[in-house]
Amino acid sequence: MSSIRPWRDIARRKSRQIMVGSVPVGGDAPITVQTMTNTLTSDPVATLNQIRRCEDAGADIIRVSCPDVESTTALRQITRAARVPIVADIHFHYKRALEAADAGAACLRINPGNIGSNDRVAEVVRAAKANGCAIRIGVNAGSLEKDLLEKYGEPCPEALVESALDHIKLLQDHDFHEYKVAVKASDVFLAVAAYMGLAEAVDCPLHLGITEAGGLIGGTVKSSIGIGNLLWAGIGDTLRVSLSAEPEEEVRVGFEILKSLGLRTRGVRVVSCPSCARQGFDVIRTVEALESRLSHIKTPLSLSVLGCVVNGPGEARETDIGLTGGGNGKHMVYLSGVTDHTVHSDEMLDHIVSLVEKKAAEIEAATTDAGNVTEAAE
Ligand code: SF4
């Protein structure tokens, strides 16, 4: 169930589109969700296991650190086996960037102003062009250049933007335009102001993030406020939620932010109540169980789970499948917003899981049929 309402529309900033491997970033491409592995990149088996979990969670692009030659050596195996484009994270050592570009990285995260000389920038750009790599400039309030800190006295939005423009200029001077930029800070106000300033100054895609945001709950809240504000203002083409948590959690939070703003859809969007004394079943445990058992569903659809008739029927009208708690262990099930049948507490979980799986299969089949009709017509 979905509906277009003008007060929901977000007008996205018009950015130039670049390709990160096979994934478009910017322009009218879907806003992509990224994460970063925390295994040793030199251990390709452990890194690929983590990459698989992130891919299954929906990651569009995954970044791996390349601090040493052992990492860039393992990178070749990683980029070949990964199903999504891999970004090589490089700091200072430009040779790692050359090796990573050669090893199949789809993008290099490197700040050209930090690698020492114009000749090195030229070499990195040559390697990126030769291998079809994009570059991501990543300005961070915690590692601003000394001259900018002296000029501005402290990290501030203007300093972050100036740093980004300096790095951009180095790439442009070498006729390289396949880049995207981040101006991250752990302070939400600073990051948002910097991104707003940068969005005015450039037309390249922007990679959003609130850096070092914190643990799962605190970092999710902070990222949702910072990234959410920017997305709501139409700014942002790709994002990474930085959490002191497993990378797949970053992916889930990234998608939830985009889903909340109607910018992406993926999997089951659960609408559920906090529960109270009126609940006809244990809402909290039910939602926990449903989220876990339905995490494999990628097809976008909505499910409402409400403890009683106070808000249940209203929410059920807006969702594909609805469940509302009733008396005597019997609960109402709604299909496409309409009252359909009751289910007893004992069978409720299995029943809802099977209804959602059936609905997802129907949507998938309809999408495939529509695709076949379009292809036949072409
Ligand atoms: S929907 Fe019912 S059970 Fe849930 S919080 Fe509201 S009143 Fe309580």
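The values are calculated or read from the model by the stated rules, or taken from the named source; none is laboratory data. Owing to the predicted nature of the structure, the values given are computational and were not obtained by experimental measurement. Neighbour counts run over all protein chains shown; Cβ positions are idealised from the backbone, glycine included. Note: areas computed on protein heavy atoms with side chains; ligands, DNA, RNA excluded. Shrake-Rupley method; radii C 1.70, N 1.55, O 1.52, S 1.80 Å.
Brief remarks on what is shown
- Looking at R76, R96, just one residue is over 22 Å from S242 (Cα atoms), charged (D, E, K, R) and open to solvent by 50 Å² or more (accessible area, probe 1.4 Å), and that residue is R76.
- Taking the stretch 140-258 as the region of interest, none of the helices (runs of 4 or more DSSP H) fully inside it holds 3 or more residues being among the aromatic types (F, W, Y).
- Within the stretch 268-281, one or more residues are more than 16 Å from the ligand (Cβ to nearest atom) and not in a helix (DSSP H, G or I).
- Residue ID - nearest to the ligand (Cβ to nearest atom), chosen from residues in the stretch 283-307 that are out of contact with any helix residue (DSSP H, G or I) (no Cβ under 6 Å at 6 or more places or on another chain) and open to solvent by 70 Å² or more (accessible area, probe 1.4 Å): I284
- Complete set of residues in the stretch 315-332 that are open to solvent by less than 10 Å² (accessible area, probe 1.4 Å) and more than 16 Å from Q279 (Cβ to Cβ): T319, I321
- C66 vs. criteria in contact (Cβ under 8 Å) with a residue 12 or more places away in the chain, more than 30 Å from R264 (Cα to Cα) and surrounded by 22 or more Cβ atoms within 10 Å (Cβ to Cβ): yes
- Test: S345 is open to solvent by less than 60 Å² (accessible area, probe 1.4 Å) and polar (S, T, N, Q): yes
- Within the stretch 133-165, the set of residues being of a type outside the set (S, T, N, Q) and within 27 Å of I86 (Cβ to Cβ) comprises C133, A134, I135, R136, I137, G138, V139, A141, G142, L160, A164.
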